[in-house]
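Notes for the one structure printed next.
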Amino acid sequence: MNFPDNLKYTKEHEWIRLEGDEAYIGITDFAQNELGELVYVEVDTVGETVPKDEIFGTVEAVKTTSDLFMPVSGTILEFNSKIDEADGDNPGLINEDPYGDGWIVKIKITNPDELQALLDAEAYKLLVG
C-alpha cells in the first residue's frame, strides 16, 4: 500500500496535497482498497466554503456509499472533471491512481492552522496498520 510523504492524512482516510494556499483532496489508497470498485462520486459543494470535518461529497462503491470529509476548512474551487459523471465519468481513476489523477476536489484553504492537526505518512501508516 502506498503512503506518499508529501501528503497529509485524516483519520477518516482523506489525503490533502498542498500547493500554496490551494490544495487537492482525495481518498487514500487504503480507503479505495477497502471500498472496492468505485462507481460514482458526488460533489455538489463546488463554490461553497466547507468547514473542517464537514461532509463535502460522497463516493459510491458497488457495495456501499461513504461520505467525504473536509480535512481543513476551505472553499471548493473544482471537482475533478475526469471522475465527474457530467464530464469524464471515470470514478475508477480513484481506484487506479488515488494520489494522482484520482483526486476529488481542489480547494482554497481558509484556515491554514488546521493543517497542523493532520497526520503525516508515518502516523497514517500506524493508524491503518
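Values in this text are rule-based calculations from the coordinates and carry no lab data. In this text, all values refer to a predicted model and were calculated from it rather than measured experimentally. Please note: Cβ atoms are built from the backbone with ideal geometry, for glycine as well, and neighbour counts cover all protein chains shown.
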So if I restrict to the alpha-carbon atoms in the chain, what is the Rg, and what is Dmax, the biggest pairwise distance, in Å?
13.3, 37
Diffing the stretch 114-126: the Karplus 3J(HN,Hα) column from phi (6.51, -1.76, 1.60, θ = phi - 60°), in whole Hz with x for Gly and Pro, holds 5, 4, 5, 7, 7, 8, 8, 4, 5, 5, 5, 4, 5
Taking amide hydrogens as modeled 1.01 Å from N in the peptide plane, which residues meet the under 5 Å criterion relative to residue 40, leaving out close sequence neighbours?
60
Out of residues 5 or more away from residue 54 or on other chains, whose amide H comes under 5 Å of its own, with H placed 1.01 Å from N in the peptide plane?
70
If r is the Cβ-Cβ distance from residue 113 to residue 62 and R0 is 35 Å, what FRET efficiency results, to the nearest 0.05?
0.35
A correct Karplus calculation of ³J(HN,Hα) over the stretch 22-28, with 6.51 cos²θ - 1.76 cosθ + 1.60, θ = phi - 60°, whole Hz and x for Gly and Pro, returns 10, 7, 9, 10, x, 9, 6
Could you run the Karplus curve 6.51 cos²θ - 1.76 cosθ + 1.60 with θ = phi - 60° over the stretch 67-73 and give me ³J(HN,Hα) per residue in whole Hz, x for Gly and Pro?
6, 10, 10, 5, x, 9, 5
Sorted by chain and number, the residues with a modelled amide H under 5 Å from that of residue 77, at a separation of 5 or more or across chains, are 47, 106, 107, 108
